[in-house]
């Protein structure tokens, strides 16, 4: 009901809607309407009221309402089960627990605030309250652990598509899955899995997108390397729009056929900052430096070192030499 | 104290040990000794007592006492943390929970009974109360998911060594990790992991060894394909001896240096029933049939098909053509 009232007010944003009209339309008493309006105000919606004219929505905070997202979501399974929590340790941690409890493929865990947001390899991910999209998707693909990297590549492609479409500014992707504007990270993806040797039980793809941060909000240590949609564009974007679009794009890419996968890799390459650049790759086997010449259909990076040897990189830390040195 | 009394009686098995001697040796009252003897009897130890001569241990049930195993365990970390439970769903499930709670490398979960014992790929593993070794070891190796198969190969080698040494009968290993006598499985290994794309968080190696089963105890469906140490040798082996030895051998193999790994693969090959045989390999990519010609240093199986093509098999279902057709 609260969501229906909000939707009606939004559809006629800036105009008055009478309490009577709301009451008739939604089939509840005017007192009930009044109570829901009070609740919406508590959530931070600014609603003007006039005893003669009714209610007018002035502005809404960027809150995430699972029902509101789901109402508009054009997906098959992604987000059909959606768990929203104000505060979590990390959405990946919660999603892994839910996956172990047999929540279905496509289940999404979203939080407003992560107290222990995680990046790759045990690093921290800054995720202050209300500033970004912190979400994790549970997948149950029928693959071996060795095939998991492609999922993470495709998640990056989905986010890159959405950020380009929503902001109008094309982002770059640092192989395998950091999304950057200029030199700074706007989105990180942390893929974790539970697997047997020959079969994945489930994959959890954590996606963190910095939306509302001002650069000065970041700790000094990451002020050079992190950015947000607001910092890049000067504009304010609603998180629910980003969530909806990422889930739709990610599902489309994830469910693509084998043939389509080749085309998706081609599309991914167009966002790639890594391809064609000089790179340093640090892995368990040491460091190599060379030119990133190809991304394979399995999502691996191929690097040619000075002596002409070709290396196929399955995973590792890659720095790209750009205008500003290696980043 | 109970364990000390039991140890003293065992050291002089078949002979009387006076209550006074026990009392002096262990520094507790004769009443306390008497209470512990009563507790040992409740656990199924058969202890004769004579008011003049003292106590004599006649026989012990095959019970698993973590303290007793740990007292004799010659390992660095394997089994230093040992969780024994009479009944669990599956030791792998409990071990994964403990791993997520940051239990250290080497933690072992042992059960007397699994209500939902698991085999590979979601299959069931028969694990009736008191009949076998049902245990899982938590490992935290610094490897990528692609390197995990070698752990499972090495676990099979450790178990094969122990079964040969304890029973005097050499078992065969079906690649990658089924241990068989004649055509029937005596041990199965289920390796599960939690990982990021480029780093394993933890591995849980579940080891199930059939010890006390009579063939007629098995459900009809698996009577042809399962066996036990008792069925093979006609003898009774204590589970704690097997547990102690497997943990020691597994730790030694797991901690081996890169150079030693090549030798271990050579040793593994000597147990292999797969190598040199005609095999059918069923994997996601379909079925191939050919000769198993090599096991690589990474533990992969190399199969040459009729047309001369060499296939490197990372994982999959392998049936071996033996005297009795494919098993």
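Where a number appears in this text, it was derived from the coordinates with a stated rule and is not lab data. Small disclaimer: the values here were computed from a predicted structure and weren't measured. Because the Cβ atoms are built from the backbone with ideal geometry, glycine has one as well, and the counts that use them run over all protein chains shown.
Structure summary
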read-out: Inter-chain Cβ neighbour average for residues A:112-122, partner chain, 10 Å; value: 1
read-out: On Cα atoms only, tilt of A:149-167 relative to the major axis of chain A in degrees; value: 50 degrees
read-out: Cα pair distances in the range A:66-271, grouped into 5 Å bins until the bin that holds the longest one, percent each; value: 1, 8, 17, 21, 22, 17, 9, 4, 1, 0
read-out: Using a 7 Å Cα-to-Cβ projection, residue A:289 label spacings across copies, nm, ascending; value: 5.5
read-out: Helix A:2-11 axis, angle to chain A major axis (alpha carbon atoms, nearest 10°); value: 90 degrees
read-out: Closest approach to the B/A rotation axis among chain B Cβ atoms, residue and whole-Å value; value: B:145, 2
read-out: Cα-based shape type of the range B:2-59, given that a ≥ b ≥ c are square roots of the gyration tensor eigenvalues and the cut on a/c is 1.5; value: rounded
read-out: Overall form of the range B:177-252 per C-alpha gyration tensor (a/c, 1.5; a/b vs b/c); value: oblate
read-out: Residue-averaged [θ]222 nm for chain A, counting only DSSP H segments that reach four residues, each worth -39500 (n - 2.57); value: -9500 deg cm²/dmol
read-out: Highest to lowest packing among A:101-111, B:17-27, scored as the average C-beta count within 10 Å; value: A:101-111, B:17-27
read-out: Angle between chain B longest axis and helix B:239-254 axis [Cα atoms, degrees, rounded to 10]; value: 50 degrees
read-out: Shielding score for A:187-194, defined as the mean number of other chain Cβ atoms within 10 Å; value: 3
read-out: Packing-based order for B:194-205, A:218-229, using average beta carbon neighbours within 10 Å, highest first; value: B:194-205, A:218-229
read-out: Label point 7 Å beyond Cα along the C-beta direction, distances from residue A:322 to other copies (nm, shortest first); value: 6.0
read-out: Exam field: residue B:97 pseudo-label spacings to other copies (7 Å along Cα-Cβ), nanometres; value: 1.3
